[in-house]
Structure formats: C-alpha cells, structure tokens
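Report on the following structure.
The values are calculated or read from the model by the stated rules, or taken from the named source; none is laboratory data. In this text, all values refer to a predicted model and were calculated from it rather than measured experimentally. Because the Cβ atoms are built from the backbone with ideal geometry, glycine has one as well, and the counts that use them run over all protein chains shown. Heads up: the accessible areas ignore ligands, DNA and RNA and are worked out on the full protein's heavy atoms, side chains in. Shrake-Rupley method; radii C 1.70, N 1.55, O 1.52, S 1.80 Å.
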Amino acid sequence: MRFQKYFIFIFLLPLIISCSDETEMESNNQMEHSSSLEELIKHTEEFKKEIYSYGNGIHVAVGYGIANSIMVEGIDGNIIIDASDSTYEAEIIHNQFKKINSNPIKAIIYTHNHGDHTFGTSYYYNLYEDKPQVIAHESTDYYMERILGILNPIISKRSTRMFGTALPEEQLINVGIGPYLGVGNSPVGYIKPTITFQDNLKLTIAGIDIELYHAPGETNDQLFVWLPNKKALMPGDNIYRTFPNLYTIRGTTHREVKGWVDSLDQMRSFNPQYLFPSHTRPLQGTAVMETLTIYRDAIQYVHDQTIRLMNKGYYPDQIIEMIQLPKEVASSPFLKEFYGTVRWSVKSIFNGYLGWFSGNISELDPLSRLEEAKRFSTMVGGEQNLFSELEKAIKNQDMQWALQISDRLIALDFQVSKTKKLRATAAQTIAAEATNPNKRNYFLATALELNPNFESTTLLPNTKELLNEISMDMFFDILSVRLNPEKIDSSQYRVCFAFSSGLKRTITLRNKVAEVSSIDSECNLEIESDDQVFKETLAGLRKPIITVASGTINTNGESTAFLRFLGYFTD
Ligand SMILES: [Zn+2]
C-alpha cells in the first residue's frame, strides 16, 4: 500500500539534542585543528559508563547513551533530572540508581526538549501507579512537537548523519558529548510535561528544595536546576566539556548566543560548589566557578568579535578566517572543538543578527547552481576537463576542493556515478582527519549515502503511545506542509473533520495551500474518526483503505474521496 509508505512521516528520530581549533588565515577552507585525532579518541574516556557521586545525595549516570541522567535522593522518593535518550537506557540507569536508593521516582525534570534528555521518560512513567510529575519550561512541549512533527524528516536525516547512527561501529569514535546515540534501542518514551513555568519555579518534592530557572542557550526552552541546600547546579546543556554548540549542523532554529552568556552568568550568581552537566562528567569545588567563567568568556568573545567584524562590513566567509579563541581560553579542556566550532558559530551569529544575505551583491541573486556549473566548466575547457580537475584534486589530496568541483559535475549531470565515487573518497578522507565528531560523522555518513546500493533505514519505529503525546494540531500542521501542489488544482475544496474527543478541524484547499481552521460549513467531505485512529492512520500504523472500508473512519460520501484527499499529501 503506497499510502503506508508515504505516510510514515513522523518519528524517525529527532535527536536532538543539540573545540578548539584555532582557525588561521588560509586560502582554502580546511580547518587547522589544534586538537588532534588522538585527543578525540582520548575524549571518549569522558564517557566511561559510570555513576558519579560526591556523597551529597546526588548521583549522575555518565556514558549510558548520549546524555547523562541525574538522580537526587529525597526523603520518601527521588527525582530524576533528564531521563536519558531511550527507555532502554533509562531502565539500565535506574537499575544502577536503585542499588543506591530504591525509593520511588516522584518527579522527572527535563532540562530541555531534546530527545536525549526526554525519550527515557515513559520507562519511569509506566513503573508507578502514582505517576511521577514531569516538569519543564512552558515552551518545551512546543519545541518537542515541532521536531517530532513538521521538521521530523529533515532533522532526523541530518541527525542520523551527525551522530553517525548508520556507520559501522568501528568508524564511530564518539559523538562529542556522549559515546553514541542510544535512541534506536527502544521506542521513543517522551511524556508531556505536567508542571511548567515561565521564568522560574521553586518547589519542594520529597523534601528536596528545588529552584528552576529558565535559561535560554543551547535551546530556547533550556532551564537550569539549583538545589540551594546542596549548593549544586544542573546546567542542562548550557555547559559541557567541549566548545558549545552555538550552532548545530543537524539544523536548528537560531540559538541566541548573548542569552546563553546571560544564562551562564545567572548560574554564576549562585556560586555553585557542584556542577552536574547533562553531558560529560561532573565537577566540584573551585573548578566549578572557574569553568563557568571561562566558558561564558569564550562564548562572549566569539559573539562580540563577530559583531565587531560584521560592523566593519566583512562577510561571514571572511569573518570565519579572522576569529580564533584567545590562547588563555582555547587552552581550557572545556573549549576543545569536539562538538561546536568557532567557525560554524560565527556564521550562525551573523545569520542571527543579519539573516542570510551576506551584504555582498554577487550573492544576492547569484546564478543558479546549474548555470554557475556551466560557466565554470566552460572556463576550464569543458566538462571533461572539469572531471580531470576532480581527479587531480583527489590525487593531490586536495579534498575540500574535490568536493567543490564534484558539486559542479553533479549539477551538470556529467559522469555522475564516477563523480560520486570520487566525492565519497573526498568525504572519507576529510572525515578520517576531522577532529570534530559532528563533521567526521556527517562526512562518513554522506559518503555511505553516495554508494548506489545505500538504503536508508528508519532509526525509530513510531508507537501508539508516542502518537498520544503529540497534539492533533501538529498532525494538521504536518498535513499542511506535505501538500503536493502538483496533485491539486486551484479550486476550493473543503474537508471537515469531527473527532470523538469533540475536536473539530477543517482543511480548506485553495490556491494550492491547505488552510487549517475550525470553520464548520460548506464541507465537500465530512470525516468522523476517533482521534487516535486518525493519528495512527496518518503515521502509517493503519492502512487508510482499511480504516475507511471497515468504517473505522466514516465519510459522508464516497470512501474513495477521502483516499484521494490523502493522496494530495503524498509525493
Ligand atoms: Zn543534550
């Protein structure tokens, strides 16, 4: 059934989540890394599976999947801060925690929406009759739905590359902030928050005084946890032992870099004695304030210097060649570029303030990719010469240049299979030397995809439980962004939906857009369905033809009309 294939649009896996290379003035685009491959390999030690503790009732599981999970012991119960990247890892972690204290889990705090902090939750939720509270910032669910929903196909694909989930085990060194991504091990266990707040929230759970502060940084919904009686701080992903991901190459909404510095300053104002980040190992004593300070300084430096050079009129590609971390900062083990990089951050900061236009007139309306490739090839004496240039670049180990030439040959559709093979060689060679795991994994994964026999795999199966955690409005948003304009004409066509929950929604097709509204008149087609059945049908867990034929989804007209309507949202 074609429908089933096409409608599996959710839940591949958002992983989400979210050093120091001195960049030098150079003529090519290669990064000159101060960190070496040996250092990256050594960085894996940071993720040794272990429960760390300072004897103050706080315990952190490091190395179980990508993100840490923290347990705080209370009087008659415990709380969990970040539930790990899967129910599979959550269970393993909980078995370790129970050896320390087996009291029930009373609450789970999400430091932010990313899956490596939230996907383990249903394990705890299903464990107890008396369900634990799930506490998060008020915008966490919005961002989670967006990643599970309208952005899922592309974020999943790019996350798969960045975290190297499709790579053979021997190719994966680590993922910069963790050993590997564990989400593929079990269904997504995200549970919607039951307690949310805007700016800050103070509460006592199981006798533990907890303060939560909204702290935008790696994500807009980020929070940090402050335990005043223990002088312990849980900063979420706003600090970990690598240069921060001020931008992530899997794709992200703009990260407000100045806000990130402000959030670190707010953490510093508490003078914490213990730091339990959600990635990499915890810290105690004077190292905590020293590290928070050098980290915020590094971020502010990149932010301020980018703006200084922007204001002088430099373009992003020029600024990345002009900024490097000061030596004092770059030497910190917390600022090696094992996750974010200065260069990618600079471009993101530029884009955040000025948008995509560099200011350079040749880049406002440039020639199309194909036109540019044609001129390029003519300039070197034709397509065959261009191909010879590619071979020469590969022979000379000039691999970034090889990638750029292969872009043009692919646009020209010239010797595509040979070109792709050489492009894969270039990607693999760059990856082999890359000391940033994001770049390394992304390039290796792309090389795999260039193999003609490559078959993409779904990282995560979607489950009925997860569909229940996603609002119906997100399903309508997904339909809206999947409308295929080639399948419809411009005339108006209205389909009205009535769900068993009482919810009503209408899709009006007009001018090749799908307007979603609550209008309930002049319907060309009326659909009645159970909420969950409709979600399962769209997610590919049920076959549309069977749900309609069996009357599980009712229509007031020809059942084929509904199937035809669903067909408008397929490629
Ligand atoms: Zn994370």
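For the reader, a short list of remarks on this structure follows.
- Percentage relative contact order, the range 48-238, counting C-alpha pairs under 8 Å, at least six apart: 22 percent
- The chain: antiparallel DSSP beta bridges as a percent of all, rounded to 5: 70 percent
- Local net charge near Gln133, Cβ-Cβ under 15 Å (Lys/Arg +1, Asp/Glu -1): -2
- Cα gyration tensor shape for the range 471-567, rounded if a/c is under 1.5, else prolate or oblate: rounded
- With a Förster radius of 25 Å applied to the beta-carbon distance between Lys258 and Glu328, the computed FRET efficiency rounds to 0.75.
- Here's the picture: a label point sits 7 Å out from the Cα of Asp76 along the beta-carbon direction, and within the range 184-226 the residues with their amide nitrogen under 13 Å of it are 205-208.
- With an a/c value of 1.5 or above and a/b not larger than b/c for the gyration tensor axes a ≥ b ≥ c computed over the alpha-carbon atoms, the chain is described as oblate.
- Given R0 = 30 Å, the distance between the Cβ atoms of Met379 and Val513 translates into a calculated FRET efficiency of 0.10.
- Accessible surface of the chain [probe 1.4 Å, protein heavy atoms]: carbon and sulfur percent: 48 percent
- Hypothetical label at Ile361: residues of the range 303-330 whose amide nitrogen lies under 15 Å (7 Å Cα-Cβ projection): none
- For the range 445-513, applying the loop criterion from DSSP together with a ceiling of 15 other beta carbons within 10 Å to the GluC sites (Glu not before Pro) yields Glu455.
- Take 561-571, 438-448 and order them by the average number of nearby Cβ atoms within 10 Å per residue, most first; the result is 438-448, 561-571.
- Per DSSP, loop GluC sites (Glu not before Pro) in the range 95-152 with at most 10 further Cβ within 10 Å: Glu129
- Extreme residue, positive dipole direction of the range 75-152, given options Thr87, Ala136, Gly77 (C-beta unit charges): Gly77
- Summarising the label geometry, the points placed 7 Å from Cα in the beta-carbon direction at Ser521 and Ser388 lie 7.4 nm from one another.
- Accessible surface for the range 367-433, divided over its residues, is 57 Å² per residue with a 1.4 Å probe.
- Segment Val533-Leu483, length gained on full extension (0.36 nm per residue, minus Cα span): 15.9 nm
- Estimated FRET transfer efficiency when R0 is 30 angstrom, pair Thr457-Thr552 (beta carbons, to 0.05): 0.50
- Relative contact order of the range 333-489, defined on C-alpha pairs under 8 angstrom at six or more residues apart (%): 17 percent
- Between Lys99 and Glu45, the modelled labels are 2.3 nm apart [label points 7 Å from Cα along Cα→Cβ].
- Averaging the Cα positions of each part gives two centres, and for the range 221-276 and the range 339-399 these lie 35 Å apart.
- Tensor-based shape of the range 367-433 (alpha-carbon gyration tensor, a/c under 1.5 rounded, otherwise prolate or oblate): prolate
- Averaged over its residues, the range 48-238 has an accessible area of 33 Å² per residue, based on protein heavy atoms and a 1.4 Å probe.
- Accessible area per residue (1.4 Å probe, heavy atoms of protein chains only) ranks His279, His214 as His214, His279, with the largest value leading.
- Near Ser186: Cβ cut-off under 10 Å, other residues only, Lys/Arg at +1 and Asp/Glu at -1. The net charge is -3.
- What the range 471-567 shows is 47 Å² of accessible area per residue, with the surface traced by a 1.4 Å probe over protein heavy atoms.
- Of the residues Gln222, Trp401, Leu292, the one whose Cα sits farthest toward the positive end of the charge dipole of the chain, with +1 on the Cβ of Lys and Arg and -1 on the Cβ of Asp and Glu, is Trp401.
- Relative contact order %, the range 355-431, counting alpha carbon pairs below 8 Å whose residues are six or more apart: 29 percent
- Trypsin sites (Lys or Arg not before Pro) within the range 275-350, DSSP loop, no more than 15 other Cβ atoms inside 10 Å: Lys312
- Virtual spin-label span in nm between Glu321 and Leu127, 7 Å along Cα→Cβ: 5.5 nm
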